[in-house]
């Protein structure tokens with residue numbers, strides 16, 4: 001018996017030295033000690049039993065069974081789930097005792113039983129295979145090894161029963177002398193120890209690199225190496241010996257499971273290393289599909305009791321993964337993308353080794369030491385060259401990191417300079433309209449009978465609008481920088497919206513002495529679904545810029561439309577005859593206040609945020625915006641935005657009456673909750689002029705409003721948010737929860753300066769009906785009051 005666990009005897013020095021092609025009995029001669037290995041294939045016959053499960057007695061007593069010489073078959077029988085019986089005779093024609101070890105099949109063969117019958121018909125049974133617990137093997141060895149003892153002159157008849165669950169069946173039938181068997185075993189241990197040690201070390205090292213550099217290529221490669229080592233470990237019988245000595249579900253599926261997982265990580269490694277998502281989206285998609293097929297294979301393997309077809313499936317997927325890798329390398333070279341030379345060499349060795357291994361599994365090439373270990377040789381050389389390639393990747397990542405650090409340092413220095421310039425710029429821009437407002441207001445205060453009062457009021461209004469525009473740009477910029485921007489898509493009338501925008505811009509152009517030409521397509525839909533406010537912001541910024549940078553000539557806008565099903569793509573082309581854009585600035589035109597912009601002479605006013613906001617909002621709507629010079633005669637801006645067409649063009653009768661009704665026709669008690677005295681005065685003046693029949697009551701905060709509602713009933717509430725004592729959020733919550741002495745469903749319109757998306761979400765979640773932002777637009781406020789006076793539970797913000 002042999003209890004020592006040696007490794008599989010495949011060495012370059014092994015040769016077949018001794019065989020007898022003309023005899024049916026293998027004779028052990030006096031010089032037998034000189035032979036390290038004897039092949040029994042020439043004296044062995046095989047019965048291809050198919051799915052029939054014969055017993056030993058049936059084999060011995062049935063002379064009609066068709067045994068054929070084993071030499072008529074290749075050593076590699078390919079993928080098979082059939083049963084096989086082999087038979088041969090042994091004779092010791094020497095005068096000395098002989099002990100041999102017989103290697104019969106691959107380590108992963110399920111059942112391998114040896115029956116030795118002596119001249120007295122006594123039967124000795126030895127068992128092996130990975131379906132039984134390792135401790136029950138007659139010879140506790142990772143391979144299917146049997147112990148054969150021959151007395152001087154003894155003759156033995158041997159039968160071998162072999163069963164497989166679909167893996168590749170090999171029948172080496174090698175007979176080793178005891179001393180040569182142990183000597184070869186020790187050499188194998190060195191070979192396999194070195195091989196697996198290198199793989200495990202490489203896997204650990206690249207896992208460390210992943211945690212240090214956070215590059216997915218390293219973790220994919222580390223896991224691929226780990227599982228490819230596990231697959232070879234299973235093929236060589238070590239997995240059954242050391243990890244699943246009791247056999248069972250995992251032991252049966254270890255080879256296939258590790259093969260599938262290693263293919264998955266190999267595909268992801270190649271995809272990440274070559275950056276196929278960017279360089280070739282089609283190949284990236286194919287890799288995803290291959291990954292899905294691998295996952296499907298694992299599922300089938302896990303749930304199926306009979307998984308014999310999984311062996312050729314795993315090899316077929318392996319061929320596809322290798323073909324995908326070859327195609328990816330070819331495509332990358334064709335696109336002139338840089339691919340590390342050592343990566344190509346490493347992958348080439350791996351592909352060569354696995355092609356030999358897979359072809360050997362499919363029984364298309366002869367079995368030999370090289371072909372059966374092709375994967376090991378390929379993996380070995382692959383580890384060497386891919387390690388060099390990964391070291392190059394580490395170097396590249398380090399250089400990229402150093403460059404990023406230098407850029408970050410430079411950007412930090414630029415930002416300090418930009419910050420100072422920005423503060424200086426914004427101070428100037430805000431002071432300009434404030435100086436005018438304060439100067440005109442002082443003049444009006446000192447001279448109550450001032451002439452040209454109407455003109456001065458217009459100047460105040462114009463400067464106030466400029467100041468408000470700057471503040472809104474800054475608020476939009478902060479929202480964008482925080483990543484809180486979102487679309488508020490609602491149906492709205494497109495033509496009337498465009499007409500308001502264009503009328504305003506036409507006045508600006510006319511006041512500057514410019515022609516303003518408008519060309520609207522007849523195909524424009526009446527109503528669309530989109531963010532009306534952002535569309536207005538985009539167009540106003542683009543037209544403002546065109547007018548600002550044009551001192552003479554004209555500004556023209558062409559609006560066309562392409563319809564497809566229920567979608568409309570609206571194109572805006574804005575042409576001006578202004579100063580144009582230099583090539584240097586064209587590359588940074590959509591950036592927020594860049595260093596270049598602050599170094600320019602102050603020929604034009606503004607914060608430099610307009611086009612940055614435009615680009616952000618266009619991208620948010622998945623549109624496009626581009627600038628180009630108009631052959632030295634100004635600038636052309638091309639804007640394209642897609643919208644859903646609103647098919648429901650007719651308003652209900654109630655909505656139509658609400659929109660068209662006289663804003664002064666609705667009388668009632670209105671409670672205005674506001675702590676700021678100036679805002680109270682503004683709303684009082686609006687009501688006094690436009691809604692004389694309404695009774696307006698003012699509360700300075702939420703707590704006072706709740707007290708007033710105990711004594712008086714109201715038809716509607718105008719609610720500020722930021723107030724002392726009790727703010728608008730808490731007050732609205734108490735009203736909607738029925739904790740106030742009023743109708744819990746009373747219409748509440750929020751009137752606030754806080755126009756952020758979070759605030760909008762919150763107030764509507766609390767139950768507010770609508771929202772109006774400050775400064776208060778009188779007509780808009782009254783329209784929303786009329787709209788909600790009909791008892792609508794909620795309303796979309798226009």
- Lone qualifier among 194, 181, 209 - being over 22 Å from residue 145 (Cβ atoms) and out of contact with any helix residue (DSSP H, G or I) (no Cβ under 6 Å at 6 or more places or on another chain): 194
- Item | Counted residues, segment 230-246 - those being in contact with a helix residue (DSSP H, G or I) (Cβ under 7 Å, 6 or more places away or on another chain) and either part of a helix (DSSP H, G or I) or more than 26 Å from residue 194 (Cβ to Cβ) (or both) | 9
- Task: Tally the residues that are closer than 26 Å to residue 82 by Cβ and assigned to a loop (DSSP other than H, G, I, E, B), restricting the search to segment 93-144.
- Result: 19
- Item | Whichever residue in segment 508-528 is in contact with a helix residue (DSSP H, G or I) (Cβ under 9 Å, 6 or more places away or on another chain) and exposed (fewer than 15 other Cβ atoms within 10 Å of the Cβ) and, among such residues, is nearest to residue 549 (Cα to Cα) | 512
- Message: Here is a check on your reading of the model: is residue 212 part of a helix (DSSP H, G or I), under 30 Å from the mean Cα position of the chain (by Cα), assigned by TED's automatic domain parsing to the domain that holds residue 393 and modelled with pLDDT under 85?
- Response: yes
- Given (1) within 30 Å of residue 166 (Cβ to Cβ); (2) at pLDDT 90 or above, where does residue 117 come up short, assuming only one miss? (1)
- Selection within segment 707-733 - out of contact with any helix residue (DSSP H, G or I) (no Cβ under 7 Å at 6 or more places or on another chain), part of a helix (DSSP H, G or I) and buried (at least 16 other Cβ atoms within 10 Å of the Cβ): 708, 709
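Could you grab me the full set of residues in segment 756-782 that are farther than 23 Å from residue 687 by Cβ and part of a loop (DSSP other than H, G, I, E, B)?
If the condition is that a residue be farther than 23 Å from residue 687 by Cβ and part of a loop (DSSP other than H, G, I, E, B), then 756, 767 are the ones that fit.
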- Please specify each residue of segment 160-178 satisfying the condition of being under 57 Å from the mean Cα position of the chain (by Cα) and either at positive phi or surrounded by fewer than 18 Cβ atoms within 10 Å (Cβ to Cβ) (or both). 166, 173
- Find the residue count for segment 552-602, including only residues that are surrounded by 13 or more Cβ atoms within 10 Å (Cβ to Cβ), modelled with pLDDT of 70 or more and assigned to a loop (DSSP other than H, G, I, E, B). 7
- Message: Which of the numbered conditions does residue 280 fail, given that it passes all the others? Conditions: (1) under 23 Å from residue 258 (Cα atoms); (2) modelled with pLDDT of 90 or more; (3) buried (at least 20 other Cβ atoms within 10 Å of the Cβ).
- Response: (1)
- Query: Taking residue 119, is it surrounded by 18 or more Cβ atoms within 10 Å (Cβ to Cβ) and at negative phi?
  - Reply: no
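Residues checked against (1) more than 37 Å from the chain's Cα centre (by Cα); (2) assigned to a strand (DSSP E or B); (3) without any contact (Cβ under 8 Å) to a residue 24 or more places away in the chain; (4) within 20 Å of residue 107 (Cβ to Cβ):
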| site | (1), (2), (3), (4) |
| --- | --- |
| 148 | yes, yes, no, yes |
| 158 | yes, yes, no, no |
| 180 | yes, no, no, yes |
| 199 | no, no, no, yes |
| 222 | no, no, yes, no |
- Query: Any residue at all in segment 87-95 that is within 50 Å of the chain's Cα centre (by Cα) and assigned by TED's automatic domain parsing to the domain that holds residue 147?
  - Reply: no
- Message: Looking for something on the phi > 0 side of the Ramachandran plot and either part of a loop (DSSP other than H, G, I, E, B) or at pLDDT 75 or above (or both) - is there at least one such residue anywhere in segment 326-346?
- Response: yes
- Item | Candidates 203, 293, 262 - the one that is at pLDDT below 90, over 18 Å from residue 329 (Cβ atoms) and not assigned by TED's automatic domain parsing to the domain that holds residue 139 | 203
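The values are calculated or read from the model by the stated rules, or taken from the named source; none is laboratory data. All of these numbers come straight from a predicted model, not from anything done at the bench. Glycine gets a Cβ as well: all are built from the backbone with ideal geometry, and neighbour counts include every protein chain shown.
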